[in-house]
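Contents: one structure, followed by commentary.
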Amino acid sequence: MMRFLKLLLLLLLLPVFVQCKQEVATEIKIASQKEIQYAKGFSILSYDGFSVVKVTNPWPKANKSYTYILKEKNGVIPDSLRKYITVNVPIKSIVVTSTTHIPSLEMLGVENTLVGFPNLNYISSEKIRALIDGKKIKELGTNQSLNTEVLIDLQPEVIIGYGIDNNNPTIDNLQKNGLKVLLNGDWNEQTPLGKAEWIKFFGVLYGKQKQANEIFSKIEKDYLKTLEIAKRATSFPTILAGDMFEDKWYLPQGTSWGCQLLKQAKGDYLWAATNGTGSLSLSFETVLEKAKNADLWITSGQFASLKEMLDANPHYSQFKAFQTKNVYSFAGKKGKTGGILYYELAPNRPDIVLKDIVKILHPELLVGYEPFFFEKLK
């Protein structure tokens, strides 16, 4: 699900699962605990024959957690854990409900297990689009009103959902019909590597924990390498972000993951001092007063050219970054049905996003590199 105009959205693993450990410690020996380094919204405990996944932060300020048991072939689940949703793994069919889930399936090589998705037009992945064209993936409507009839007919082994708050009648209805829904909180993570680490959530579902760990380790390594390169920067260009939607200007708050990337790339984001992980909603006049002379401008996915920007709002020409044609956007890379690739892939590949931004801000530090997501608007 594309989260329009929001460059939204991690700490060390908290000692969660204490209760689960106590419940099973006398019944079965723990095999290992999967190390989660950055994400704070989930944990994985591996036992002999099954794993316990606990999602602790599925939406902002959540006051409840969700425990899922992933049972391997011939695994024996202790009586104390039978009250939780149990899934036989490795799974062979899945429904996901956010485009941010798609890259994990593709990176793990299990995209052909996807059998349904809400609003297929949002998907940009070429591999998944080929499956859609081949009628392998069913349209499920919208997240707010998933087509229960189609889902019951599909009988996926797992549905990966996400919650905005504690009120989700669609998910409740699916579970009443015997379908297994697991909540994914990747979108609620507040650091770039924390979002990317959710590939391990999918890895354990497919019995591909080792592969998921290796993929994430490569992303982490490349991300940290770019951080070191950025430290060589000798200037800090001022940055304006976002643009107008209807009558408000939306731009990332100071502690959002988008803002973190700008800061780590050694940019001076003009709203970095604000507190929050979502988006600011400001008037045009407020933004103009503060950012009229910003060195560069990173827009949302609305526009693919400077002309499109002027057609939408002639007053954009008052900004120095527009006048000097120092405006960048990720709108250029789209799937063939209009989905913007950035919204789908960027949360999973912060290494690429960071490298792009460092190239934009400090081109001398990455000679020969061409940004993947961003391009200068013409």
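Per-residue packing, averaged as other Cβ atoms within 10 Å, sorts the ranges 252-261, 44-53 into the order 252-261, 44-53, beginning with the highest. Eigen-decomposition of the gyration tensor built on the alpha-carbon atoms of segment 168-268 gives equivalent ellipsoid semi-axes of 34, 24, 7 angstrom, largest listed first.
Sites listed here are trypsin sites (Lys or Arg not before Pro) in segment 119-159 whose DSSP assignment is loop and whose Cβ has at most 11 other Cβ atoms within 10 Å: 135. In loop segments of segment 178-279 as defined by DSSP, the trypsin sites (Lys or Arg not before Pro) with at most 14 further C-beta atoms inside 10 Å of their C-beta are 231, 232. Annotation for residue 317 and residue 167: the two label points, set 7 Å from Cα along the Cα-Cβ direction, are 4.6 nm apart. For segment 329-377, chymotrypsin sites (Phe, Trp or Tyr not before Pro) are listed when DSSP marks them as loop and at most 15 other Cβ atoms sit within 10 Å of their Cβ; the list is 369.
Taking a 18 Å limit on the Cα-Cα distance, which of the listed pairs 54/195; 320/355; 231/266; 136/208; 248/290 fall beyond it?
320/355; 136/208
If each residue of separation counts as 0.36 nm, what is the full-extension length gain between residue 268 and residue 228 once their alpha-carbon separation is subtracted? Value of the extension gain: 12.6 nm. The distance from the alpha carbon centre of segment 236-292 to that of segment 183-206 is 25 Å, rounded to a whole number. The separation of segment 73-90 from segment 357-378, counted between C-alpha centres, amounts to 48 Å. Just the protein heavy atoms count here, and of the accessible area of the chain at 1.4 Å, carbon and sulfur take up 50 percent.
Accessible area per residue for the chain, computed on protein heavy atoms with a 1.4 Å probe, is 45 Å².
The values are calculated or read from the model by the stated rules, or taken from the named source; none is laboratory data. Bear in mind that the values here come from a model prediction, so they are computed numbers and not experimental data. A quick note on method: Cβ atoms are made from the backbone with ideal geometry, for glycine too, and the neighbour counts reach across all protein chains shown. Ligands, DNA and RNA are excluded from the accessible area calculation, which covers all protein heavy atoms including side chains. Shrake-Rupley method; radii C 1.70, N 1.55, O 1.52, S 1.80 Å.
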